[in-house]
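Enquirer: Okay, handing you the structure first.
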Amino acid sequence: IIQPPIMRLLTTKEERRIKMEYTTRHISKTTRILFPIVTTLITGLIAPLAVPLIGMLMFGNLMRASGVVDRLTRSAENEVANVVTIFLGLVIGGTMAASSFLKPETLLILAMGLVAFVMDTAAGVLFGKVMCFVTRGKVNPLIGASGISAFPMSARVVQRVGQEDDFSNFLLMHAMGANTAGQIGSVVAGGVVLVLVAAVL
């Protein structure tokens, strides 16, 4: 609802129809195992307060990439994730009384989140246009809209908007890469903000 109008407003039909080359590459098991470890270490050096969040995200990747704890990986992906989602919804829903939720501060937070989402999408598309210009038309500017933490929905929106003008345009895999980077970047940025706020207070 929010992203497509911004994406259409900031790009031309020709830009949305740009097709990006995609070639499958084999990623070694060593690389897949090292990625979550190195990401967690670098995040810990940049923003220590973000380590618990990025650590859990990377722990899931490490379990899957290692291939030695298949039963735990399947449980974490299915049963544990479903149970945690249910209990999280129950706990938040049970403690969210109207008197504590319907406040001006809550509406302000929602408005700030909406503005941030809109600005993030617009900035991503504009930077995508810069990349399109630099690469002489090899990068579809829509990819920039997926560089946010809304994973994987943002990448799917990019794919859908791209196919509206050219049904044979396949942007999903490129958008997923940007979406993953946006997710990790959001966690690191959040950790940096927490460090700065803690230093000020």
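Enquirer: Tell me which chymotrypsin sites (Phe, Trp or Tyr not before Pro) from the stretch 22-129 have a DSSP coil assignment and no more than 14 other beta carbons within 10 Å of their own.
Expert: Y22
Enquirer: In the stretch 82-160, which trypsin sites (Lys or Arg not before Pro) fall in coil by DSSP and have 16 or fewer other Cβ atoms within 10 Å? Intermediate results must be reported in sequence, preceding the final value.
Expert: Values: sites: K129, R136, K138, R156, R160; in loops: R136, K138.
Here the sparse-neighbourhood loop sites are R136, K138.
Enquirer: Per q in 0.13, 0.17, 0.18 1/Å, what log10 I(q)/I(0) does a Debye calculation on the alpha-carbon atoms of the stretch 3-200 return?
Expert: Once normalised to I(0) and log-transformed, intensities are -0.94, -1.30, -1.33.
Enquirer: Let me ask something else about it. Among V200, V187, which comes first, then next, by fewest other beta-carbon atoms within 10 Å?
Expert: Least to most surrounded, the residues fall as V200, V187.
Enquirer: Looking only at L34, L57, L90, which one moves most when the chain is put into a Gaussian network model with springs between Cα atoms under 10 Å?
Expert: Between L34, L57, L90, it is L90 that shows the largest mean-square fluctuation.
Enquirer: Work out which helices of the chain, taken as complete DSSP H runs, extend at least 18 Å along their axis over the Cα atoms and score a mean Kyte-Doolittle of 1.0 or more, then list them.
Expert: Details: long enough: 29-46 (26 Å, 1.25); 51-66 (21 Å, 1.20); 81-95 (21 Å, 1.85); 104-134 (44 Å, 1.72); 153-165 (19 Å, -0.61); 172-200 (41 Å, 1.59).
For the chain, where a helix must reach 18 Å along its axis and average at least 1.0, the hits are 29-46, 51-66, 81-95, 104-134, 172-200.
Enquirer: If neighbour count is taken as other Cβ atoms inside 10 Å, put M56, M20, M7 in order from fewest to most.
Expert: Values: M56 10, M20 17, M7 26.
Exposure proxy ranking, most exposed first: M56, M20, M7.
Enquirer: Give the total of Lys-Lys pairs in the chain with Cα-Cα distances below 21 Å; include a pair only if its members are 8 or more places apart or on different chains. Write out the running numbers ahead of the final one.
Expert: On the way: K13/K129; K13/K138; K19/K129; K19/K138; K129/K138.
For the chain, the number of qualifying lysine pairs is 5.
Quick note: the coordinates plus some simple rules give every number you see, no bench work behind them. Worth saying up front: this structure is predicted, and the values here are computed from it rather than measured. Reconstructed Cβ throughout: ideal geometry from the backbone, glycine too, with neighbour counts over all protein chains shown.
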